[in-house]
Amino acid sequence: MTEARGLRVGIVGCGYWGSKHVRVMQSLANVDEVVLIDGRADRIDSLRRGLPGARTFEDLPSALPAVDAVVLATPPTTHAPLALAAMAAGKHVLVEKPMATTSADGRRLVAAAGEAGVTLMVGHTFEHNAAVAKLRQLILQGDLGDLYNIDTARLNLGLYQSDVNVIFDLAPHDISIIINLLGQAPESVQAWAACHAHRRLEDMAYLRLFYPSLNLTANIHVSWLDPCKVRRVTVVGSKKMAVYDDLAADERIRVFDRGVTSPVDDEDLTQPPMAYRYGDITVPYLDFEEPLMVQDKHFVDCILTGGRPATHGDNGLAVVEVLEALQISLSEGRAVALDELRLGVGQDQSGPDERGVLIGSSR
Ligand SMILES: NC(=O)c1ccc[n+]([C@@H]2O[C@H](COP(=O)([O-])OP(=O)(O)OC[C@H]3O[C@@H](n4cnc5c(N)ncnc54)[C@H](O)[C@@H]3O)[C@@H](O)[C@H]2O)c1
């Protein structure tokens, strides 16, 4: 249903991230009304101070008649049931990351969107970020040469979540960035994680995404238990290396014209093992706009034009599959091929639907 008038968008979950969607949606030309939906009166009250006339609801079912589309910014385990309810009522859905907490639910969402003929988009904000687009361009143009390695770090003290571990909370960003940069999902993955301060949920993790066909491994370090805030993606190539530091507003991307070459005879122990090359560090210009603004505007445009979102539900499912494989790897202490999820290998008797993913407490 595409009306000539602007859209009425409901923000379900008006907490830390949902309140940012409220600000952004309210600023968009094709959004006529932003409706606030949250079971917590304090959250609604604080947002209402800036939006005095806003309609508010305690839950999604009561809000459905009042909206054309919803943004789901609630805890991850609520995403699938809320998205299914919204799509069953014919509403367009932008669901925050991770789109779902099991690949079975992820597939249900993609199928439901197709059946209902509505837009399903996932909030992989970094895929709407000019710095990631620039990194991808550098890779595709061959500026970095053959890719050796991608390394990401997303660390801070908190914010601890109560329904998913640090892998499901933070790694969706890195996984979506890596899939976007390489244009494909990994073949297999391996996870190591530990519960330190939290009793049940892993609060630090090292993850590996294997791409044998590209002769490349991507490494992800995520932590809620680190003294320093780090948001970094490093791409090492045979010609150059690039670092994307999301905290460096004026120079998010730096390209290092640096590298090493091995000697012709690497068995001659009288020679240095490698020759190092040091060149310029360049900072490419980025036409940077707030990624959440780009993302939410794209969602609204897709609804109005019937276009397919850049971060469609399929894209959300690809990330959820990697997360599920990582969680199985954590539970079973081995590398897990993504194909196993589709073939049902390594699943227990209840199958993927009932089994879900043990989001935390792997030990
Ligand atoms: N894309 C990004 O960069 C980004 C950044 C931060 C968080 N997020 C995602 O946003 C989502 C929310 O995270 P947050 O940090 O804002 O959490 P939060 O705890 O601050 O807010 C969640 C809100 O949802 C409400 N809520 C819970 N269940 C509800 C329901 N059934 N109906 C209505 N309201 C409900 C809670 O009362 C709370 O106000 C998560 O999925 C998180 O992963 C995305």
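The values are calculated or read from the model by the stated rules, or taken from the named source; none is laboratory data. It should be emphasised that the depicted structure is a prediction, and the values quoted were computed from it without experimental measurement. Counting neighbours? That spans all protein chains shown, and the Cβs are built from the backbone with ideal geometry, glycine included. Keep in mind that these areas ignore ligands, DNA and RNA; they rest on the heavy atoms of the full protein, side chains included. Shrake-Rupley method; radii C 1.70, N 1.55, O 1.52, S 1.80 Å.
Residues checked against (1) touching a Phe, Trp or Tyr at 6+ places or on another chain (Cβ under 8 Å); (2) within 16 Å of the ligand (Cβ to nearest atom); (3) at pLDDT 95 or above:
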{"residue": "Leu214", "(1), (2), (3)": "no, no, yes"}
{"residue": "His221", "(1), (2), (3)": "yes, no, yes"}
{"residue": "Lys240", "(1), (2), (3)": "yes, no, yes"}
{"residue": "Tyr244", "(1), (2), (3)": "no, yes, yes"}
{"residue": "Leu247", "(1), (2), (3)": "no, yes, yes"}
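Hey, among Ile167, Ile179, Ile220, which residue is part of a strand (DSSP E or B), among the hydrophobic types (A, V, I, L, M, F, W, C) and within 21 Å of Thr101 (Cβ to Cβ)? Steps first, please.
Details: Ile167 fails: part of a strand (DSSP E or B); Ile179 fails: part of a strand (DSSP E or B).
That would be Ile220, the only listed residue that is part of a strand (DSSP E or B), among the hydrophobic types (A, V, I, L, M, F, W, C) and within 21 Å of Thr101 (Cβ to Cβ).
Scanning the range 115-165 for residues that are surrounded by 15 or more Cβ atoms within 10 Å (Cβ to Cβ), closer than 22 Å to Tyr244 by Cα, within 11 Å of the ligand (Cβ to nearest atom) and not charged (D, E, K, R) yields Gly123, His124, Thr125, Phe126, His128, Asn129. Of all residue pairs spaced 6 or more apart or on separate chains, those with beta-carbon atoms under 6 Å, a first member in the range 63-74 that is farther than 11 Å from Val93 by Cβ and a second member that is in a helix (DSSP H, G or I) and open to solvent by less than 10 Å² (accessible area, probe 1.4 Å) are Ala73/Gly18; Ala73/His21.
Can you say whether Asp105 is within 14 Å of the ligand (Cβ to nearest atom) and either over 13 Å from Gly313 (Cβ atoms) or of a type outside the set (Ser, Thr, Tyr) (or both), as far as the supplied structure shows? Give the derivation first.
Values: within 14 Å of the ligand (Cβ to nearest atom): yes; either over 13 Å from Gly313 (Cβ atoms) or of a type outside the set (Ser, Thr, Tyr) (or both): yes.
Answer is yes for this residue.
Could you please give the count of residues in the range 287-300 that are open to solvent by 30 Å² or more (accessible area, probe 1.4 Å) and either within 21 Å of the chain's Cα centre (by Cα) or not acidic (Asp, Glu) (or both)? Can you show your working first?
Step one: list which residues in the range 287-300 are open to solvent by 30 Å² or more (accessible area, probe 1.4 Å), which gives 287-290, 293-294, 297-298.
Next, only the ones that are either within 21 Å of the chain's Cα centre (by Cα) or not acidic (Asp, Glu) (or both) stay: 288-290, 293-294, 297-298.
The number of residues fulfilling the criteria is 7.
Of all the residues in the range 1-39, those that are without any contact (Cβ under 8 Å) to a residue 12 or more places away in the chain and near the ligand (Cβ under 9 Å from one of its atoms) number 0. Answer yes or no: is there a residue in the range 50-57 that is modelled with pLDDT of 95 or more and within 10 Å of the ligand (Cβ to nearest atom). Checked against the condition, which is being modelled with pLDDT of 95 or more and within 10 Å of the ligand (Cβ to nearest atom), the range 50-57 yields at least one hit. Taking each residue of the range 290-317 that is free of Cβ contacts under 8 Å to residues at least 60 places away in the same chain and closer than 19 Å to Ile179 by Cα and looking for partners that are outside any loop (DSSP other than H, G, I, E, B) and open to solvent by less than 50 Å² (accessible area, probe 1.4 Å) with beta-carbon atoms closer than 8 Å, six or more apart or interchain, yields Arg308/Cys302.
Just one of Val233, Val260, Val255 is under 30 Å from Met99 (Cβ atoms) and in contact with a strand residue (DSSP E or B) (Cβ under 7 Å, 6 or more places away or on another chain); which is it? If you could, list the steps in order and put the result at the bottom.
On the way: Val260 fails: under 30 Å from Met99 (Cβ atoms); Val255 fails: under 30 Å from Met99 (Cβ atoms).
Within the list Val233, Val260, Val255, the selection yields Val233.
Of the set (1) free of Cβ contacts under 8 Å to residues at least 40 places away in the same chain; (2) touching a Gly at 6+ places or on another chain (Cβ under 9 Å); (3) over 17 Å from Ala66 (Cα atoms); (4) more than 9 Å from the ligand (Cβ to nearest atom), all apply to Arg43 but (4).
Within the bounds of the range 8-21, is there any residue that is outside any strand (DSSP E or B), among the hydroxyl-bearing types (Ser, Thr, Tyr), more than 20 Å from Asp301 (Cα to Cα) and open to solvent by 50 Å² or more (accessible area, probe 1.4 Å)? Working first, answer last.
So the first thing to find is which residues in the range 8-21 are outside any strand (DSSP E or B), and the list is 13-21.
From the residues that got through so far, the ones that are among the hydroxyl-bearing types (Ser, Thr, Tyr) too are 16, 19.
Then keep just the ones that are more than 20 Å from Asp301 (Cα to Cα); that gives 16, 19.
If we keep only those that are open to solvent by 50 Å² or more (accessible area, probe 1.4 Å) too, we end up with 16.
Yes, the range 8-21 has at least one match.
Inside the range 74-94, can you point out the residues that are open to solvent by less than 10 Å² (accessible area, probe 1.4 Å) and either on the phi > 0 side of the Ramachandran plot or near the ligand (Cβ under 10 Å from one of its atoms) (or both)? Hit for the range 74-94 is His79, nothing else. State whether one or more residues within the range 176-190 are under 24 Å from Thr125 (Cα atoms) and free of Cβ contacts under 8 Å to residues at least 24 places away in the same chain. Scanning the range 176-190 turns up at least one residue that is under 24 Å from Thr125 (Cα atoms) and free of Cβ contacts under 8 Å to residues at least 24 places away in the same chain. Out of Ile11, Ile44, one residue alone is at pLDDT 95 or above and touching a helix residue (DSSP H, G or I) at 6+ places or on another chain (Cβ under 7 Å). It is Ile11.
Yes or no: Val70 out of contact with any Ser or Thr (no Cβ under 8 Å at 6 or more places or on another chain), within 13 Å of the ligand (Cβ to nearest atom), among the β-branched types (Val, Ile, Thr) and modelled with pLDDT of 95 or more? Talk me through it step by step, then tell me what you get.
Working: out of contact with any Ser or Thr (no Cβ under 8 Å at 6 or more places or on another chain): yes; within 13 Å of the ligand (Cβ to nearest atom): yes; among the β-branched types (Val, Ile, Thr): yes; modelled with pLDDT of 95 or more: yes.
Taking the combined requirement at face value, the residue satisfies it.
Out of Ala275, Ala249, report the one residue that is of a type outside the set (Lys, Arg), surrounded by fewer than 16 Cβ atoms within 10 Å (Cβ to Cβ) and free of Cβ contacts under 8 Å to residues at least 12 places away in the same chain. When all the criteria are applied, what remains is Ala249.
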